[in-house]
Each structure stands twice: as C-alpha cells, then as structure tokens.
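The block underneath contains the structure these notes are about, expressed in structure tokens.
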Amino acid sequence: MSALPETADLVIIGAGPAGMAAAVEARAAGVEVLLVDETPAPGGQIWRGIGTAPEARKTLLGKDYAAGAAHVAGFAVCGARHVSGASVWGVMPGAAGPIRIGVSHGGAAHLVAARAVILATGAQERPLPLPGWTLPGVMGAGAAQIALKSGGLLPEGRCVLAGVGPLLYLLADQLLRAGITPAALVETPSPNRRAALRHLPGFLRSPAFRKGAGLMARVRRHVPVIPGAEALEITGETHAEALRYRRAGAWHEIAADLVLLHAGVVPSLHLAVAAGIPTRWNEALRCFEPDADAMGATAVPGLFVAGDGAGIGGADRALPSGRRAAQAALALLGHAPSTARRDEAHAQWRKADRGRAFLDRWFAPPPALLAPRGDTLACRCEEVTAEAIRAAARLGAPGPNQLKTYLRCGMGPCQGRMCAASVTEIMADETGRAPAELGHLRFRTPVRPLPLAELARLPAGAAAQRAALGEAPLPDTPLPLPPSGG
C-alpha cells in the first residue's frame with residue numbers, strides 16, 4: 001500500500017535543512033504536513049547520511065556537518081508525515097482548485113492534492129564543461145563530497161581540485177583530515193573581487209570569516225594552492241591524466257588521476273519553472289533563481305520556495321528560509337504565526353545572511369570559465385558541442401529554447417540539468433547579450449523520466465475522459481486486454 005495520501009494541507013518537497021525547518025515550523029502550528037524526498041533519509045546534500053554516519057566520519061567532516069544530527073532528530077519527532085524514496089516529477093497548480101503534485105513512489109505514479117506547497121529542492125553543482133570534462137577520472141567536487149558523506153569513499157591516486165568556490169577549500173580540508181593530501185588546488189580568478197571589498201566589513205563580523213580563515217590557512221599549509229589559473233583543460237586518452245592551465249602567459253600541467261571541478265552551485269529550478277514560477281537573473285552568482293519575496297511567496301498562489309532552491313545561501317540561511325516560507329504558507333492556510341516566531345525567524349535569517357554578499361562576489365566564477373569553445377561537449381546527453389551552440393547563436397537564434405529545437409540540447413535524460421546553465425552562458429558570450437535577456441531552457445512536467453506504465457495508472461480525470469470519449473459514458477465493463485504474447 002502506498003504511504004502517500006491523496007490530499008494534504010501542506011506538502012513540502014525536499015528533506016534538506018529548509019524542508020525540515022519548514023516542516024517543524026508548520027507542525028508547531030498544528031498543520032498536517034506531508035514531506036516527500038527522493039533520498040532514503042532526511043538531511044539533504046549538506047547533511048547527507050548524517051543519521052547513519054559513524055562518529056569518526058562526523059569528526060572528519062567537521063562541526064557544521066555534525067550539527068545536522070540535531071536538526072534531523074528534531075524533524076523526526078515533529079509529527080510530519082515523511083515519505084522517502086519519492087521522486088516528484090511535477091507540481092501542477094490548478095486554476096481555482098488545489099495544487100497537484102505528481103510523485104513516483106514504489107514503482108507507481110501518484111497525484112497528491114495540496115492547498116499549499118513549499119519547494120525546498122536545494123541546489124545542484126554548476127556543471128563546468130571544460131575540454132576533457134567527460135573523461136573518466138573527472139567529477140564535481142560536490143559529488144566527491146557526497147561520496148565521502150554517504151559512503152566514506154575517498155579518492156585514490158593523485159587528486160587535483162580546480163575551479164573556484166569555498167567548497168574547494170572545505171573539501172581539501174576534509175580530505176586532509178582523512179589522510180589524503182591533494183596534489184594541488186588550482187584556483188581560477190574571480191572577476192568580482194574588487195566589488196567584493198565593499199562588503200568586507202560585514203564579512204569580517206560574520207561567523208563564516210572565523211571558520212573560513214582557519215580552514216583556508218590549514219589547507220595552504222599542506223596543499224599547493226595555485227591562484228590565477230585560466231583556460232583549464234583535462235588531458236588524457238582514455239581517462240584523466242593531467243590538469244593543464246595557463247597562468248601569467250605560460251602553460252602548466254599537473255599530473256592527476258582524479259580531477260575534482262567546482263564553480264559554485266545553482267538553484268534547482270526544474271519543478272519551480274515547470275510549475276510556472278517566474279525566474280530572475282542573479283548577476284553576482286551568475287544563475288537564475290525563482291522570483292519570490294522575502295518570505296518565499298511566488299506569483300503562483302499557494303506555491304512557496306525555500307532554501308538554496310530559492311537562492312544560494314548555504315545551510316545556515318536555509319534553516320530560517322524554511323521557517324519563513326512555512327510561516328507564509330501557514331498564513332494562507334489560516335494559521336498565521338505569532339509575531340514572536342516571525343521576528344525570531346527574521347533575526348535568524350539576518351544573522352545567517354551576514355557576510356554573504358562578500359562571499360558571493362569573492363568566489364564568483366569568471367564568465368569565460370562557463371562558456372567553452374570548440375569541440376567541448378556542452379550537452380552530454382545529446383552530444384552537442386559548444387561550437388554547435390555558438391554557430392546556431394550566430395545564425396540568429398533568439399534564445400536557449402530555439403537552440404533546444406535546433407540541436408536537442410536539454411532534451412536528453414537529464415532534461416537540461418547538466419547543460420541549461422552552459423547553453424545560456426555560451427549564447428551570452430557569443431552574442432554579447434546578457435543572460436537575463438536570453439533566459440534559460442524551458443522545463444516541463446514531467447521534469448524527469450517517468451515510465452509510461454506508471455503514468456498510465458493515474459486516474460484519467462474528466463478532461464481526459466472527454467478528450468477520448470466525447471460525451472459518451474465510460475463503459476460498464478473493462479475493455480478487453482490483448483492476448484498475452486500478441
């Protein structure tokens with residue numbers, strides 16, 4: 001029997017910091033909550049595996065990771081109905097009725113009707129399409145960290161970290177704690193560091209400064225850190241053999257068995273965009289994000305966004321973001337929270353946001369790093385090269401969705417998760433137009449591959465019945481099945 005109900009007052013999608021905080025906040029007001037998440041256990045990517053991680057791994061991954069255990073424990077007893085291993089493939093607002101959520105769970109598709117929905121879908125690592133990025137032995141730094149969190153897996157051989165972002169330093173530190181010394185950390189120059197300096201005073205007063213300064217100092221004592229590297233590429237015939245880069249006008253090469261790339265994270269937009277939530281361009285982070293107010297309310301009635309899925313801010317900011325989105329949803333449901341709880345969540349958010357403007361600009365990826373040229377694959381599913389995208393842009397394609405029609409980029413199994421950001425960046429670089437003007441690939445329901453057998457088991461509904469039968473009534477007896485094996 002399915003663990004999914006047919007209706008719920010509030011559905012939360014995602015069991016990361018924002019989703020769990022939203023569930024706890026809503027349950028405190030007495031609202032029935034259904035939280036669905038595709039992973040086996042709550043925690044999200046930030047606290048992946050925290051419920052089962054041995055103490056040694058928690059120590060290795062640091063205090064911020066270990067702190068997730070308390071939040072998971074609090075969520076477990078809040079009374080929310082948690083359905084794990086459930087993949088959401090669509091959020092479909094009704095014209096005047098409830099919002100329907102399409103969920104794949106237990107090998108069957110389900111529809112859940114809700115009065116309010118909070119999308120706490122988190123972030124994904126920004127794809128970094130460099131020459132050689134599809135070779136075996138190349139992966140995202142975030143993916144390597146997830147392998148460490150969930151299974152205690154560690155790199156073998158010579159490991160090089162490359163790109164830009166605080167995660168490179170965090171992962172290098174965690175690898176050092178695990179007894180792995182990276183061969184190098186190769187940093188690309190960020191174009192916004194001068195702009196970041198005006199936000200430095202706020203950053204110096206933030207907890208992130210105290211934690212980050214010590215962490216970076218430890219990494220620099222043990223790992224060669226190479227700043228100012230440009231034109232990164234991975235060389236090798238059948239697997240990664242070296243990272244090559246240009247610095248101060250000269251080419252350099254570092255032998256590597258494993259190259260871990262990173263250029264920040266971007267909000268997971270698929271469900272939000274497919275549901276009709278408008279997006280806006282964040283120039284500092286070079287990504288699109290849902291257009292929502294401070295409480296996470298969107299232009300679509302009943303739909304709210306929270307956490308990194310609403311705007312990149314990390315776990316500390318995701319927690320109050322989830323609380324605020326829950327408070328907005330509670331007001332819609334007739335359970336307005338107390339002034340004290342609202343003030344508490346706002347204060348928590350402001351504290352977590354302190355210093356964020358500096359980090360966003362200091363670690364901003366250079367546009368050239370995100371817009372490859374030549375035969376480098378931009379869309380791995382459909383094997384579309386950067387040059388093919390540039391050629392179509394030169395022909396006058398007005399935006400990414402026309403390129404999708406011409407070249408099929410974004411139409412493979414990942415549905416644009418690995419290429420949507422790159423397509424916009426390449427078009428912007430080739431045409432000189434701003435990403436905000438170009439927009440992004442359009443995402444539609446279902447946002448992930450869904451077996452037809454699952455889809456066919458859904459109730460047809462009145463509209464589908466009229467489309468197939470007109471005004472004729474449904475037959476009293478089931479239609480005959482074709483002979484088996486025929």
#### Entry: Amide H contacts of Thr279 (H built 1.01 Å from N, under 5 Å, at least 5 apart or other chain)
Asp291
### Message
Could you report the stretch 1-92's accessible area per residue, 1.4 Å probe, as an integer in Å²?
### Response
41 Å²
### Query
When the Karplus curve 6.51 cos²θ - 1.76 cosθ + 1.60 is applied with θ = phi - 60°, which whole-Hz ³J(HN,Hα) does each residue of the stretch 135-146 get, with x for Gly and Pro?
5, x, x, 10, 7, x, 5, x, 5, 5, 5, 5
#### Entry: Total lysine pairs under 24 Å (Cα atoms) in the chain, excluding pairs fewer than 8 apart on one chain
7
### Contact order relative to length of the stretch 304-424, as percent, for alpha carbon pairs under 8 angstrom and 6 or more apart
16 percent
### Message
Apply the a/c threshold of 1.5 to the C-alpha gyration tensor of the stretch 345-398 and tell me whether it is rounded, prolate or oblate.
### Response
prolate
### Task
Output the relative contact order of the chain, whole-number percent, from Cα pairs under 8 angstrom with separation of 6+ residues.
17 percent
### Task
Determine, for each peptide in 5-15, 81-91, the mean count of other beta carbons within 10 angstrom over its residues, then list the peptides with the highest first.
5-15, 81-91
### Net +/- balance of residues flanking Ile146 in space, Cβ distance below 10 Å, scoring K and R +1, D and E -1
+1
### Task
Using packing as a proxy for protection, rank 365-375, 313-323 so that the peptide with the highest average count of other Cβ atoms within 10 Å comes first.
313-323, 365-375
### Task
Pull up the DSSP beta bridges for the chain and report the antiparallel fraction as a percent, rounded to 5.
50 percent
### Query
Which Cys residues of the chain have no other Cys beta carbon under 4.7 Å away?
Cys78, Cys159, Cys287, Cys381, Cys414
### Message
Applying a 10 Å radius around every beta-carbon, put 334-347, 263-276 in order of their mean neighbour count, most first.
### Response
263-276, 334-347
### Summary
Phi angles of the stretch 66-77, converted by Karplus (6.51 cos²θ - 1.76 cosθ + 1.60, θ = phi - 60°) into ³J(HN,Hα) in whole Hz with x for Gly and Pro, give 4, 5, x, 4, 5, 5, 5, 5, x, 5, 4, 9
### Query
Once the other residues with Cβ under 15 Å from the Cβ of Pro365 are scored (Lys, Arg +1; Asp, Glu -1), what is the net sum?
-3
### Summary
The rounded separation in angstrom of the Cα centers of the stretch 34-53 and the stretch 207-266 is 30 Å
### Task
Find out how many positive minus negative residues lie around Gly163, taking Lys and Arg as positive, Asp and Glu as negative, among other residues whose Cβ is under 11 Å from that of Gly163.
-1
#### Entry: For Ile12, residues with placed amide H under 5 Å, excluding near neighbours
Leu34, Leu35, Val36, Ile118
### Query
Heavy-atom accessible area per residue, the stretch 182-331, 1.4 Å probe: how many Å²?
41 Å²
### Query
Carbon and sulfur atoms: what percent of the 1.4 Å accessible area of the chain do they account for?
56 percent
### Query
Across every pair of different alpha-carbon atoms, what Kirkwood hydrodynamic radius in Å does the chain reach?
23.9 Å
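The values are calculated or read from the model by the stated rules, or taken from the named source; none is laboratory data. Quick caveat: nothing in here was measured; it's all calculated off a predicted structure. Every residue, glycine as well, gets a Cβ built from its backbone with ideal geometry; the counts of neighbours run over all protein chains shown. Calculation scope for accessible area: heavy atoms of the full protein, side chains included, ligands and nucleic acids excluded. Shrake-Rupley method; radii C 1.70, N 1.55, O 1.52, S 1.80 Å.
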